[in-house]
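Down below is the structure, laid out as structure tokens.
The values are calculated or read from the model by the stated rules, or taken from the named source; none is laboratory data. As the structure is a prediction and not an experimental result, all values here were calculated from the model. Note that we place each Cβ from the backbone using ideal geometry, even for glycine, and neighbour counts take in every protein chain shown. Keep in mind that these areas ignore ligands, DNA and RNA; they rest on the heavy atoms of the full protein, side chains included. Shrake-Rupley method; radii C 1.70, N 1.55, O 1.52, S 1.80 Å.
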Amino acid sequence: MIEQTFVAGLLRDRVAFVTGGGTGITGGIARGMAQAGARVALVSRRMEHLEPMAKSITDAGGEALAVTADVRRPEEIETAIKQTVERFGKLDIVVNGAAGNFLCAAEELSPNGFGTVVDIDLKGTFNVCRAAFEHLKRQGGCILNISATLQLLGTPLQLHASAAKAGVDTLTRGLAVEWGRYGIRTNAIAPGPIEDTEGFARLVPAPVREKLQRRIPLNRLGRIEDIAQSSVFLCSNAASFINGAVLVVDGGHWLAANNLMGSA
Ligand code: COA
């Protein structure tokens, strides 16, 4: 649990805007931030994805707002941010977690399929950062982009997502440099294989899972909680001099994935 790891109220008085915030990794991040004292806006296309997490946060004594918006539509994101600021008074933290993905060989991938994932993951991240800027600038703040490790190697069936996440890493470094002067820190987390997610269930075929775990130096798959804890840390004052980092949270998986010597 986040509370047992960090001092109580680590993110007290912070307002977080979390896209993809209802389910999976970003749902866990939203819950982790709420447990650390932040007030949280959960944003995704479908209200039915948001309401259960919003209820679970409020039932636990936190504050959550569920807002529908598509990160591909800048005007919807602007409205969602406006609603968040009207409700909570300001904006301190933006988590770009909304993503789309599927397995598809490059030769079968349509231009629209490639473009759709780039539109959601990469352009969506820019759209949200851009719309949040004026609010973050007021008192300084923190952007956390959700990247991946796919793009660090040549991952088959993932050309579209790899290209998008490589762009997210670049955007992270660029914004860190441009917006650091406003007291806005921009960082990313690159999760490795996280077993308790819909994406893992859908994208990692069952026969591969055990082999995958054996290739992770820490000999376990990741959990949503691992990413939530790293996210709370990066958005807290403990990380106040970390800007432009892409923090890989994968138990050492990608470093070991193509090791010429085999596993240690
Ligand atoms: N294989 C190949 N192409 C696919 C595909 C698949 N499994 N899924 C979508 N596409 C293509 C579509 O064929 C379409 O291209 P086309 O017009 O040339 O046929 C294009 O992507 C857009 O698809 P569409 O379903 O209209 O877009 P959407 O905006 O409704 O949804 C996704 C796009 C990526 C979000 C959708 O695949 C999805 O809902 N995925 C599950 C949720 C998810 O990805 N969560 C993230 C967990 S990692």
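Please list, ordered by residue number, the helices (runs of 4 or more DSSP H) wholly in segment 1-117 having 1 or more residues that are at pLDDT 95 or above.
In segment 1-117, the matching helices (runs of 4 or more DSSP H) lie at 24-35, 47-59, 74-88, 111-117.
So which pairs qualify, if the first residue must be in segment 31-59 and free of Cβ contacts under 8 Å to residues at least 40 places away in the same chain and within 21 Å of A131 (Cα to Cα), the second must be part of a helix (DSSP H, G or I) and open to solvent by less than 10 Å² (accessible area, probe 1.4 Å), the Cβ gap must be under 7 Å, and the two must be at least 6 apart or on different chains?
From segment 31-59, the pairs are V40/A30; V40/M33; V40/I57; L42/A30; L42/L50.
Can you tell me how many residues in segment 190-209 are within 18 Å of A257 (Cβ to Cβ) and not in a helix (DSSP H, G or I)?
Total meeting the criteria: 8.
Tell me the residue from V177, V232, V168 that is in contact (Cβ under 8 Å) with a residue 24 or more places away in the chain, part of a helix (DSSP H, G or I) and touching a strand residue (DSSP E or B) at 6+ places or on another chain (Cβ under 6 Å), please.
Only one candidate qualifies: V168.
Exactly one of (1) surrounded by fewer than 24 Cβ atoms within 10 Å (Cβ to Cβ); (2) under 16 Å from the mean Cα position of the chain (by Cα); (3) within 16 Å of the ligand (Cβ to nearest atom) is unmet by I25. Its number?
(1)
For segment 57-95, which positions are surrounded by fewer than 16 Cβ atoms within 10 Å (Cβ to Cβ) and among the acidic types (D, E)?
D59, E75, E86
Between residues in segment 99-123 that are touching a residue at least 60 places away in the same chain (Cβ under 8 Å) and of a type in the set (A, V, I, L, M, F, W, C) and residues that are more than 6 Å from the ligand (Cβ to nearest atom) and open to solvent by 40 Å² or more (accessible area, probe 1.4 Å), which pairs lie under 7 Å by C-beta distance while being six or more apart or on different chains?
L103/L157
Do we find that N237 is farther than 17 Å from T26 by Cα and surrounded by fewer than 15 Cβ atoms within 10 Å (Cβ to Cβ) in this structure?
yes
Report yes if A163 is open to solvent by less than 70 Å² (accessible area, probe 1.4 Å) and assigned to a helix (DSSP H, G or I), otherwise no.
yes
Report whether or not T186 is of a type in the set (S, T, Y) and closer than 16 Å to A98 by Cα.
No: the conditions fail for T186.
Kindly provide the set of residues from segment 37-56 that are over 16 Å from I224 (Cα atoms) and crowded, with 23+ Cβ neighbours inside 10 Å, ordered by number.
Scanning segment 37-56 gives A38, R39, V40, A41, L42, V43, S44, L50, A54.
Only residues that are modelled with pLDDT of 95 or more and open to solvent by 70 Å² or more (accessible area, probe 1.4 Å): list them for segment 177-218, please.
V177, E178, R181, Y182, E195, P217, L218
Return the residues of segment 69-110 that are of a type in the set (S, T, Y) and either within 9 Å of the ligand (Cβ to nearest atom) or more than 24 Å from A228 (Cα to Cα) (or both); say none if nothing qualifies.
Passing the criteria: T79, S110.
Could you check R220 against (1) in contact with a helix residue (DSSP H, G or I) (Cβ under 8 Å, 6 or more places away or on another chain); (2) closer than 25 Å to F126 by Cα and say which number it fails?
Result: R220 passes all but (2).
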